[in-house]
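Notes to accompany the following structure.
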Amino acid sequence: MTLEGAGVKACGEVYKRVKKAHGEKAAMFLKVHSEEDVGHLDKAFDQLKCLEPRAVECLIKNMEQSCTLYGEILREIPTLVKRNQKKVA
């Protein structure tokens, strides 16, 4: 659910920027996740209603951990870009 939620919330704007800078083909992954994950997220929220409280607790913990890890990945991107630019230059 974490990736679907992030896709729905953030990928739309990122998709527009990447498409403008690099073209439709380069932005396809973002487009799919910003548009198609809306339905996936709705289904996931519907399924939450069927879970036992302990399962919901586990899911919340997993989502917190996933957000932390995905955040670290995103925060690392500028460093990797700078490192790769130095290699190319």
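A short reminder: the numbers here are calculations on the coordinates, not readings from a lab. What you are looking at is a predicted structure, and each value in this text was computed from that prediction instead of being measured.
Tabulated data for the structure shown
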quantity	calculated
Too-long pairs where the Cα-Cα distance tops 30 Å, listed order kept, from K25/K82; K9/K82; K31/K61; K31/K82; K25/K49	K25/K49
Reachable aspartates and glutamates, given that their alpha-carbon falls under 18 Å from the alpha-carbon of K86 and they are not under 8 places away in the same chain	E76
Hull-based mean projected area of segment 5-63, where the convex hull spans the alpha carbons, in square nanometres	4.3 nm²
